[in-house]
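Below: the structure, in structure tokens.
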Amino acid sequence: MINNELMRVIKYLLVLLLLPANVIAAPATEKTINYQEVFFHFYRKDELNALINLAAADSVKKLPGNRTSNQLLFGSLYAMYGLHEMSEVKLKKVILNSSNFKQQALAQFNLSKVYFSEGELNKFSTISTSISDALPENLADELNYMNAMRFIQIGDLEKATDLLDLIDAKSTWHQYLAFNLGATFIKANKGKQGEKLLQSVGKSKIDLNEMWALADKANIVLGYYYLRNNDANEAVDVLEMVRLEGPFSNKALLGLGWAYSQKNQFRNALVPWLSLAKKDAQNVTVQEAMLASAFAFRKLGSEQKALALYKKSILSYESVKQIFDKLLEESRTMNVYRFLLEPDSYDDYALTKQIIKNKETNWGKLLSNLLKTDDFQDLLNDYRDLKQMQSKLERWQRDIEHMRVTSNDLDRRLAQQKTTRKTNNKHYSETVLTLGDTVVLQNSRLDILLGMHEEKIHMELESAINRSRLYIIAYLSQTRFAMAELLDKAQRGR
Amino acid sequence: MKILFKIIIVLSIAMQISCAVNRMPTLKNLSDRDLVVDKNKIEKVSESDVLQSYHEYLEVAPANHPMYKNALNRLADMEMVAGDNKLLAETESQYQQALQVASATTQDQGQKNYENAINLYQGLLDSNPDDARNDWVFYQLASAYEKTGQLEESLRVLSLLVEQYPKSEYYAEAQFRRGDINFTLKEFLQAEKAFFVVIRLGNASVYYEKAIYKYAWSKFKQDLYNEALMGFFQIIKILPVVYDLQEKIDTRALSKIEKDLLEDVFRAISLCVSYGGGVDYLNSIFQKSAPMPFEFEVFRHVGQYYIDHDRIKDAADTYGVFVQRQPYHPMSSSLQIRRIRAYDQGRFGRAALSAREDFIKKFGIGTSFWLKQNTSTRAILRIQVKSVLNDLSEFYHARLQRNRRNKEYFTKAIFWYKQYIVMFPGDVEVGRKHFLLGELYSEKKQYLNAAKAYESAAFDYEYSDYQKEAAYAAIDSYIKATKHRKKSVRKNAKNKLIQASRKFVDFFPGDTRALAVRARLVEGLFRQKQYDDAVIYANFIAALNKEELGVDINFRKFSYYQMSANVVLGHIAFEREDYLLAQGKYQQALSLKIRNRKLLGVVNKRLAAASYKYAESLQKNGDLLAAAEGFLRVNAVAPQSKISIQAQYDAATAYFNLQKWQQSIEILERFRLQNPNSKYEEKITDKLAVAYEKSGLYAKAAREILMIASSTKKYSVRRDATWKAAEFYEKANRRKLAIKTYKHYVRKYTKPFELMLEGKHKILGLYAETGQQKKRDYWIKNIATAKISKKTQLTDRTKYLIASARIELADKKMSLYSKAKLALPLKRSLKKKRRLMKRALIAYESVSQIGVEEFTTASTHRVGEIYQQFGESIMRSERPSRLTVDEREEYDLLLEEQAFPFEEKAIEIYEVNIARIKNSIYDQWVKGSMNKLSFLQPVRYGKKELIDEMYSSLD
């Protein structure tokens, strides 16, 4: 991320800035609907607008709830919008002032989420242990999940395991925790415990797409773990459980081939590898499968087939390399992929959808792969947030301009009358002017940030292309060497 | 959480891509399981196919590829075998022996074997002088001479070879060796010619590059630098060099030999430049030539050459000339850096500084140079610009510290720090720059600017070790700014101080200074009336536990912060009219010891006020008992305060209103004792009077009321109070005091007449009770003779009182009259009785004049009785003793005649009373008159009803 703190300050300023703008902009009759709008935006996952409407409703005393329940709403929205410090202040107020146990528990829960996401594990621990039984059961599962994740982070896997038992086994929290815990056990060389957990996730029957995908992932982790431990039979068993059309099928097909190869069953290995080799050669697993298939043919004594595959692979790699060369060239213009990053709505997933929409293009493929990395996701999320902010600011800039024109018109009319409304309107005009200036200022700050983000994205993309290019060169080299060696042996064999 | 979110995103994308709705077939369902693979071999693979394959591999594989060396070795082996095979195939049997000897000599037998070989080769030549393939023998012979150190012989044989076999495949090599030997023998012109021949043969020859190189050196040795340089340049052009993104030579593509050659070439070029006239000479060479891609490398090497030979200024000039020549070359900035370093090395301080400033102007972020560079160069440039900006800002900052008054140093230090910040807005070091900027401003006492910079350092960038110090320094600067002479600055600083303090405690809650900052923040927020926030922070401090705080802090300080937090909480609660809370907080503050006397005074005062206000609120809400207790507590918490006086009074008032007379009396009496000159004295008296009265303490009540009377000038109040006091004395059975007070009243307050008369009447009663008849008589006369100056004074009551006094007087006269006997001598006694009768009649007449019915009937009746008595007295008067019966009878008749008119008069008077019956007046006197009449006129008035016993019993 470029600068978390700067992002946060910008968000904070936006909220402060846009509150008066919204209150002024809204006609008196509309002020009454602020509160309902809060929920409208909230369910659209548009936290910024939800917050602004909530603050607007608050400023015109239109909040129906009591003070603490409104503080709770504020705190939760701030937390969701990422303004964690402000959220903390509000939620602490609720904890301090509320006499309602459920409200207190909800505030503590939200505060613990804030601390958890900030990585403030000590604070998280303190607040989470003080949450009373008044917390709803579904949130209790999430709380246990967070607690367990904390234990995983500090290396206390036993306690994390204990907490797993407390979470409803049918909940997604249980599955995610079992997966994370299993993977951590495996990393920590405690394979037996890890195996058990990952097997449970891998065999899970929860009929949710998200859970099927998690099961696939668990089986992949397990499969490769068995491969590393030369336990090819087990590897085959778990990898064959992965769905053919799932997101991880490529990795599974590749691994399955290696598992059979480990058992010296090269004919069997060829089945998944050839299946994978037919797919898009831009994918690194496909590239490996091509080379591996030729390797298997050689092992089976089918040299001609191997040679043909080497030649075909070389052509394919050359073609992919050209694509990467072209992408690298295009990336310097910066405009080629920018269309992919232009969200067409305030939807959080707009960018993702845009990328999926263009997934068949070379850029789409590259971005889809990049999205699997944490850093690029963060970068893209920040970029999306900034774009959304800019879009909002521009909209408000237009609104303020409209207000300014209206106000000037009113000024002219009032100038012909003797009325006290002149003073009121003067104040209004000044406020509008100030707001306009502030919006413009924030817009320029956003511009700078956006520029920095774009440069960073540009660099990330270039770096990703270069990485992919290196991969393809490595496969190309390897294939050429393998082919030369095959020919060399064939030549020497006579 | 973050991880989970990311997993979800990945999964959601993946899911959308796969459009999975439910679990699909797994890898177990893979098709084509029954794959058939036939064994087969590759046919017809030629050596060249294999060679080509390896070559193709080497073309694409990076040098660090794991198979690279294997491929290279394999390829070399194959080339050698191919060469050997070729050689063996072409050598005829007659040459086999010599060849074997030569080989053996070379490999096994050393120098002696070479000499054998020379003999063998020479023998071959001698025996076959015209053999077409003697060129190979010449070649081997020359080689053998060379290996035995016989250079001239070798040169001679090689010359024969080139003369006799110009078409030989060994021609080029022979020429090259000729050049080489000539060069060794310092025959540079000959050498140059031989090399030139090789060069003319073209680049097909493997000796082409080496020949150029040697040719150039030969020229150099003859001081022909221009030609030498052109030769060296030519080699660079020939070598398979590639240029990287910065347009510098990437030597990774070169073999080791090529790399060494290239290095030698640059060394030679440097020598040429050095001997040829320095950098100006080099410049002139390039100006005359077509552009060459390696120009940068030349300048770099020449510069380095100068550096290596301690010719620092020349080195710097060399780099400078390149920068001027190619200002947009990607490596220009790097050479400018080298130039700076050269100046540094040579201690050319001013020049180095100027070069640095020049660097930023030419190569800074956003310059035209920057805009023309690719991403890779920009990455390098960023590092360079940062370094130079660091140098510049640190230089001026250091200078400023030595000479603090120098404005230029200050301005420039600021300028360069800002340049860094502007050019690298997201850089990790920018925070530190802001910090140093803050230090600079702070040194110049520009505290607001300093604080702003510190804040940027602290909060605008990622975590760093000075972040905390910066945040604290910002607070420190704002504090200093709050002492500025301009009010607007001070106000601004105060606002900012609050914001900065908030951030500090939010970001660094565990810092040792956080508690102090928080405490100051609380005070600031309080002063700005941001009570909600002040309460949050103050509550936090107040709730802290020193042991749990985890920070080593002096207990006294800790107590002080908690005390001051509680004081603020108290103040805020007070402002919000939550007086109960305010009391609690003030008391907590007091329990933590307030060492500042002034503050202690304020807190005590506020505590008392809070207690008072709390009690007051209870009073408003109608909880008078609690209010009274609350008011009393004010005195307990602040006995010396002014408000406690008010509170005591209010407590008494509350008890008073609750009719808790005893409590009220106790408080008021104590209050009066403690505050003799209180403004409430009058009210206290009023209240005490009532309370005493209600408690039955009439004497005390009377005393209070007399005090009221004495303290006011208002006639009516004094009058009424005196009256009331008299009454209370009366009730208290203090008759003497009552009489005294009534007397005082009737003398002092003649108006209203009726009340004055009533007072007199009271005196009458009291004297009656005390048996002071004479004094009573005085007051009866006083009432009876009361002067009526206005008709309005004649009310029913006054009439009654006067009449009752008068009747009492009349009765007395009646008594005297009744007691007067008619004795002999009758004339005298009759005269006396008549006189007394007259007085009595006048007295009763005066009663009737008043017109009070009750006394009118009485006086009428009495008048009747006077007359009746007089008649009866005449009839009962003493008879003269010497009268005869007749005389006595006549005397009686005479007396009867005398008495009869009185009896008639009496009847007449009684009848007046009887006549009042028709006006519904019937009292004891009317009844008495009727009785009298029934006696005097029994026929008319002596009628009695029979009373039914039954009715009587029923009553």
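The values are calculated or read from the model by the stated rules, or taken from the named source; none is laboratory data. Not measured: the values here are computed from a predicted model. All Cβ positions, even for glycine, are placed from backbone atoms using ideal geometry, and neighbour counts span all protein chains on display. Accessible surface is based on the protein model in full, side chains and every heavy atom, while ligands, DNA and RNA are left aside. Shrake-Rupley method; radii C 1.70, N 1.55, O 1.52, S 1.80 Å.
Would you mind classifying the range B:610-681 by shape? Square roots of the alpha carbon gyration tensor eigenvalues, ordered a ≥ b ≥ c; an a/c under 1.5 is rounded, otherwise it is prolate if a/b is larger than b/c and oblate if not. Taking the square roots of the gyration eigenvalues as a ≥ b ≥ c, the range B:610-681 is oblate.
Ordered by 1.4 Å accessible area with all protein chains kept, B:LEU836, B:LEU697 run largest first as B:LEU697, B:LEU836. Chain B has equivalent-ellipsoid semi-axes of 155, 33, 20 Å, by the square roots of 5 times the alpha carbon gyration tensor eigenvalues, sorted largest first.
For the range B:527-585, applying the loop criterion from DSSP together with a ceiling of 13 other beta carbons within 10 Å to the trypsin sites (Lys or Arg not before Pro) yields B:LYS529, B:ARG576.
Close amide-amide hydrogen proximity is noted between B:TYR243 and B:ASP250, each under 5 Å apart and 5 or more residues distant or on a separate chain (H modeled in the peptide plane; Pro and chain starts excluded). Working from label points 7 Å from Cα in the Cα-to-Cβ sense, the B:SER695 to B:ASP892 distance is 7.7 nm.
Checking the Cα-Cα distances for B:LYS731/B:LYS799; B:LYS781/B:LYS838; A:LYS187/A:LYS251; B:LYS660/B:LYS687; B:LYS147/B:LYS237; B:LYS412/B:LYS444 against a 22 Å cut-off, the pairs over it are B:LYS731/B:LYS799; B:LYS147/B:LYS237. Look at the alpha carbon pairs under 8 Å that are at least 6 residues apart: their mean separation over the length of chain B gives a relative contact order of 3 percent. Legend: residues in the range A:229-246 shielded by at least 30 square angstrom of accessible surface upon adding the remaining protein chains to the isolated chain (1.4 Å probe, heavy atoms) are A:GLU240, A:ARG243, A:LEU244, A:GLU245. Inter-chain neighbour count for B:37-50: the average number of beta-carbon atoms from partner chains within 10 Å of each residue's beta-carbon is 6.
Which of rounded, prolate or oblate describes the range B:140-217 when judged by the alpha-carbon gyration tensor and an a/c cut-off of 1.5? It comes out oblate by the Cα gyration axes.
Sites listed here are trypsin sites (Lys or Arg not before Pro) in the range B:687-790 whose DSSP assignment is loop and whose Cβ has at most 12 other Cβ atoms within 10 Å: B:LYS713, B:LYS714, B:LYS787, B:LYS790.
A full extension of the chain between B:LYS838 and B:GLU394 corresponds to an added length of 146.1 nm, given 0.36 nm per residue minus the alpha carbon distance. Residues in the range B:646-653 carry Karplus couplings, in order, of 4, 4, 4, 5, 5, 4, 4, 5 Hz; the curve used is 6.51 cos²θ - 1.76 cosθ + 1.60 with θ = phi - 60°, and Gly or Pro positions show x.
Volume per residue for the range B:683-797 equals 101 cubic angstrom (convex hull of Cα atoms). Computed about the Cα centre, the dipole magnitude for the range B:587-648 is approximately 500 debye when only Lys and Arg (+1) and Asp and Glu (-1) carry charge, each at its Cβ. Under a straight-distance cross-link criterion of Cα-Cα below 20 Å, which aspartates and glutamates are reachable from A:LYS205, leaving out those fewer than 8 residues away in the same chain? Within the straight-line limit of under 20 Å, A:LYS205 reaches these aspartates and glutamates: A:ASP141, A:ASP165, A:ASP168, A:GLU195, A:ASP216, A:ASP237, A:GLU240, A:GLU245.
What shape does the range B:459-595 have by the C-alpha gyration tensor, where a ≥ b ≥ c are the square roots of the eigenvalues, rounded means a/c under 1.5, and otherwise prolate means a/b greater than b/c and oblate the rest? It is oblate, given that a/c is not under 1.5 and a/b is not larger than b/c. Summing charges over all other residues whose Cβ lies under 11 Å from the Cβ of B:ILE498, with Lys and Arg as +1 and Asp and Glu as -1, gives +4. Calculated accessible area for the protein assembly as shown comes out at 51 Å² per residue, all protein chains present (probe 1.4 Å; ligands, DNA, RNA ignored).
Which aspartates and glutamates have a Cα less than 19 Å from the Cα of B:LYS790, not counting those fewer than 8 places away in the same chain? Straight-line reach from B:LYS790, under 19 Å: B:GLU754, B:GLU758. Only protein heavy atoms count here, probed at 1.4 Å, and on that basis chains B and A bury about 7100 Å² of accessible area in total.
Residues within the reach of a label modelled at B:LYS372 (point 7 angstrom out along Cα to beta-carbon, backbone nitrogen below 17 Å), restricted to the range B:317-359, are B:320-337, B:359. Residue by residue along A:138-146, Cβ atoms of other protein chains within 10 Å of the local Cβ number 1 on average. Amide H to amide H distances under 5 Å link B:ASN40 with A:SER302, A:GLU303, A:GLN304, where only residues 5 or more positions off or on other chains count and H is placed in the peptide plane. With 30 Å as the limit on Cα-Cα distance, the pairs of A:LYS353/B:LYS386; A:LYS93/B:LYS483; A:LYS359/B:LYS386; A:LYS353/A:LYS456; A:LYS326/A:LYS489; B:LYS613/B:LYS679 that go past it are A:LYS353/B:LYS386; A:LYS93/B:LYS483; A:LYS359/B:LYS386; A:LYS326/A:LYS489. Dipole magnitude for the range B:573-696: computed about the Cα centre from +1 point charges on Lys and Arg Cβ and -1 point charges on Asp and Glu Cβ, it is near 720 debye. A simple count of charges around B:ARG404, restricted to other residues whose Cβ falls under 15 Å of its Cβ and scoring Lys, Arg +1 and Asp, Glu -1, yields +4.
Provide the FRET efficiency to the nearest 0.05 for the B:LYS827-B:SER710 pair, computing r from the beta carbons and using R0 = 60 Å. The computed FRET efficiency comes out at 0.45. Only Cα sites of the protein assembly as shown enter the Debye sum here, all with the same form factor; the resulting log10 I(q)/I(0) across q = 0.04, 0.06 1/Å is -0.55, -0.90, listed in q order. Converting phi to 3J(HN,Hα) with the Karplus coefficients 6.51, -1.76 and 1.60 and the offset θ = phi - 60°, the range A:150-165 yields 5, 5, 4, 5, 8, x, 9, 6, 5, 5, 4, 5, 4, 5, 4, 5 Hz in sequence order, with x at every glycine or proline.
Per-atom-type breakdown for the range B:227-339 gives carbon and sulfur 51% of the accessible area (1.4 Å probe, protein chains only). Inter-chain neighbour count for A:303-310: the average number of beta-carbon atoms from partner chains within 10 Å of each residue's beta-carbon is 3.
Given their separation in residues at 0.36 nm each and the Cα-Cα distance between them, B:LYS819 and B:GLU408 gain 134.3 nm when the chain is fully extended. Counting only protein heavy atoms and a probe of 1.4 Å, the accessible surface of the range A:209-273 is 42% carbon and sulfur. The string of couplings for the range B:608-620 from the Karplus curve (6.51, -1.76, 1.60, θ = phi - 60°) is 4, 4, 5, 4, 5, 5, 5, 4, 4, 5, 4, 5, 4 Hz, one whole number per residue in order, with x for Gly and Pro. Considered as an equivalent ellipsoid built on the Cα gyration tensor, the range A:191-336 has semi-axes of 30, 23, 11 Å, the largest given first. Label positions at A:GLN390 and B:LEU201, each projected 7 Å from the Cα along the C-beta direction, are separated by 6.5 nm.
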